[in-house]
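Structure first, commentary second.
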Amino acid sequence: MTIRLVLLGRQGSGKGTQGARLAVHYGIAHISTGEMLRNAIKHDSPVGRVVKDVIDQGRLVADDLIASLVKGRLGEADARTKGYLLDGFPRTLPQAHAMDEIARARPVNIVVDLEVPREVVMARLSARLAAEGRADDSPAAVEQRLALYEQQTAPLIAHYRRQGTLAVVDGLGTPDEVFARLVSVITSTTGVQGAGGDGKASR
């Protein structure tokens, strides 16, 4: 059985780190929509040029464009045969409905919400801002993104809970503790033990 997994979580929840580790552990494709968009821009593809214009204007990339990119990626051989972990999609209810259509032939096995309290991710992101000086992690920008997450992603939680595919995992603790919790929930839900390795090399 292959694993087809969606990983949800606030910015600063450790989702990217854990997603990479889980992909290694289960031998599946780690598909980050943020990475896909950055690559499209970097390679100056037609989609990349559209995405760059949208981002430069401070707007969100349209749901149908993101869904089209994801559909193309999930059609590639590794995702079809080995399974995948989606990080960053879906973010909105329309995207979730699009994902239901995309994955109709091979439905998602489990949707994991990596739950970290808002005040904890704020503290983590503030520390990162101080350490790295990242402009996109200014307090105002972080507040805006977290508010947008609450607004857009809360309906996703309800959507997947109704479908019976949602698992909520406590994201507090050391990276290894959180990883162990994630593996326990995913393995017990899907019955897949993993391809081996704890993914530490992908931190």
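A few notes on this one:
- The strands (runs of 3 or more DSSP E) found entirely in region 1-105 that carry 1 or more residues being over 21 Å from VAL142 (Cβ atoms), among the small types (Gly, Ala, Ser) and in contact (Cβ under 8 Å) with a residue 24 or more places away in the chain are 29-32, 83-87.
- For region 106-122, filtering for residues that are part of a loop (DSSP other than H, G, I, E, B) and of a type outside the set (Lys, Arg) leaves 5.
- Among the numbered conditions (1) under 29 Å from ALA79 (Cβ atoms); (2) surrounded by 14 or more Cβ atoms within 10 Å (Cβ to Cβ); (3) touching a residue at least 40 places away in the same chain (Cβ under 8 Å), the only one that THR187 does not meet is (3).
- Some residue of region 64-71 being small (Gly, Ala, Ser), buried (at least 18 other Cβ atoms within 10 Å of the Cβ), closer than 23 Å to LEU148 by Cβ and touching a Gly at 6+ places or on another chain (Cβ under 7 Å): no
- From the options LEU125, LEU148, LEU129, residue that is part of a helix (DSSP H, G or I) and under 26 Å from LEU74 (Cβ atoms): LEU148
- Output for region 5-46, where each listed residue is surrounded by fewer than 20 Cβ atoms within 10 Å (Cβ to Cβ), under 22 Å from PRO155 (Cα atoms) and of a type in the set (Lys, Arg): none
Read-outs: derived from the displayed coordinates by stated rules, not from any lab. All values derive from a computational prediction rather than experimental measurement. Glycine also receives a Cβ, built like all others from the backbone with ideal geometry; neighbour counts cover every protein chain displayed.
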